[in-house]
Amino acid sequence: MELHQKLTILGVILLLATFILHFYHEQDQPGLGFNYAYVTGIAMLIAFSVSFLLFNKDKLKDSKK
């Protein structure tokens, strides 16, 4: 399995974790405390972005020529 595929799977797992953390934060402490869903959400965006760049690196190099 290639690195971009692993990063995509990690991104999906982080997406699910973000939804779960946000849901439970809103149920238990609405408006209070730090919502850790932001941490997993940012990590998810980074994982998806790096995966996208790795998957399209050849096309990005060709478009610069």
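Given the conditions (1) open to solvent by 90 Å² or more (accessible area, probe 1.4 Å); (2) under 11 Å from the mean Cα position of the chain (by Cα), which single one is not true for residue 57?
So the condition that residue 57 fails would be (2).
For region 18-65, name all the residues that are assigned to a loop (DSSP other than H, G, I, E, B) and either of a type in the set (Lys, Arg) or under 17 Å from residue 6 (Cβ atoms) (or both).
56, 65
Among the residues of region 35-51 satisfying the criterion of being over 8 Å from the mean Cα position of the chain (by Cα) and touching a residue at least 12 places away in the same chain (Cβ under 8 Å), which is most open to solvent (accessible area, probe 1.4 Å)?
36
Go through region 4-16 and count every residue that is within 10 Å of the chain's Cα centre (by Cα) and either touching a residue at least 24 places away in the same chain (Cβ under 8 Å) or not in a helix (DSSP H, G or I) (or both).
Matching residues across region 4-16 total 6.
The values are calculated or read from the model by the stated rules, or taken from the named source; none is laboratory data. Because the structure is a prediction, the values reported are computed rather than measured. Glycine also receives a Cβ, built like all others from the backbone with ideal geometry; neighbour counts cover every protein chain displayed. The accessibility values were calculated without ligands, DNA or RNA, using every heavy atom of the protein model including side chains. Shrake-Rupley method; radii C 1.70, N 1.55, O 1.52, S 1.80 Å.
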